[in-house]
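Take a look at the structure below.
The values are calculated or read from the model by the stated rules, or taken from the named source; none is laboratory data. Since the model is a prediction, treat every value here as computed from it, not as a measurement. Backbone-built Cβ (ideal geometry, glycine too); neighbour counts: all protein chains shown. SASA here: full protein model, heavy atoms, side chains in, ligands and nucleic acids out. Shrake-Rupley method; radii C 1.70, N 1.55, O 1.52, S 1.80 Å.
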Amino acid sequence: EVSPDTTGTIGGTVPVPPVGGSEINVVAEEAAEEFGVDKEDLLAIFAIESTSGTDLINPKSSARGPGQILKGTAKSLALKKEFKGITAEQIQNNLLQGARGTAWLLKDALKRYKNVGKDQKLFAFADQYVGATEIKKAIRLSKNKTNWAEVSKHISKEWRKDTQDFVTKVLKKIKRGR
């Protein structure tokens with residue numbers, strides 16, 4: 001029997017099977033298509049954040065789902081028109097909705113950093129990990145505002161190494177094809 005918290009539809013059209021096997025690929029592909037982001041980017045984020053959807057609960061924070069969306073962020077997403085009828089709890093606890101939430105956040109971050117040039121994805125991945133406020137602050141403090149290596153030096157000390165490591169791991173996953 002299929003558990004209702006791991007099945008559903010993206011945009012009301014594509015059925016998603018229960019977690020296990022290739023389901024994370026199905027959800028990532030559909031979410032990527034819906035929000036216009038790269039599937040491989042999503043899969044890499046999922047691999048790092050939740051071991052490709054197998055570790056969906058973070059015991060150290062309120063982060064949940066394949067992209068480890070925090071409770072407050074899930075509440076904000078639930079207010080967006082793209083998530084009409086979807087609750088913050090569903091965004092955090094449903095594989096499908098969590099993938100959609102992560103895809104929306106990545107799309108938003110890519111748009112936010114569209115003017116940084118070749119390092120746009122690096123900024124977006126860092127934003128995904130530590131949040132826009134921290135990355136914007138680092139940009140303000142940096143002399144070279146479009147160079148990830150330079151900007152990353154200005155992330156607050158408590159988050160710097162973890163954020164840099166996250167971006168590096170995501171890039172390695174993408175290069176290896178997950």
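Listed values, structure above:
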{"read-out": "Summed side-chain charge close to E158 - residues other than E158 whose Cβ falls under 13 Å, Lys, Arg +1, Asp, Glu -1", "value": "+2"}
{"read-out": "Calculated Rg and Dmax of the Cα atoms in Å (choose from (i) 16.7, 54; (ii) 16.9, 59; (iii) 15.8, 57), label", "value": "(iii)"}
{"read-out": "Net lengthening on full extension, K81/K153 (0.36 nm per residue, minus Cα-Cα)", "value": "22.3 nm"}
{"read-out": "Amide H within-cut-off set for I69, under 5 Å, with H built and near neighbours excluded", "value": "R64"}
{"read-out": "Sequence-separation-based contact order of the stretch 29-70, relative, with Cα cut under 8 Å and 6+ spacing, percent", "value": "26"}
{"read-out": "Potential lengthening between T51 and K136 on full extension [0.36 nm per residue; Cα-Cα distance subtracted]", "value": "27.8 nm"}
{"read-out": "Most to least packed among 133-140, 158-165 [average Cβ atoms within 10 Å]", "value": "133-140, 158-165"}
{"read-out": "The chain - mean residue ellipticity at 222 nm from DSSP helices (-39,500 (n - 2.57) per run, n ≥ 4, rounded to 500)", "value": "-17500 deg cm²/dmol"}
{"read-out": "3J(HN,Hα) from dihedral phi, the stretch 111-128, Karplus parametrisation 6.51/-1.76/1.60, rounded to Hz, x for glycine, proline", "value": "5, 4, 10, 4, 8, 8, x, 4, 8, 3, 5, 5, 4, 5, 5, 5, 4, 4"}
{"read-out": "Rounded to the nearest 10 Å², the accessible area of Y129 at probe 1.4 Å", "value": "70"}
{"read-out": "Protein accessible area in the chain, 1.4 Å probe - carbon and sulfur %", "value": "51"}
{"read-out": "Accessible surface, the chain, averaged per residue in Å² (probe 1.4 Å)", "value": "53"}
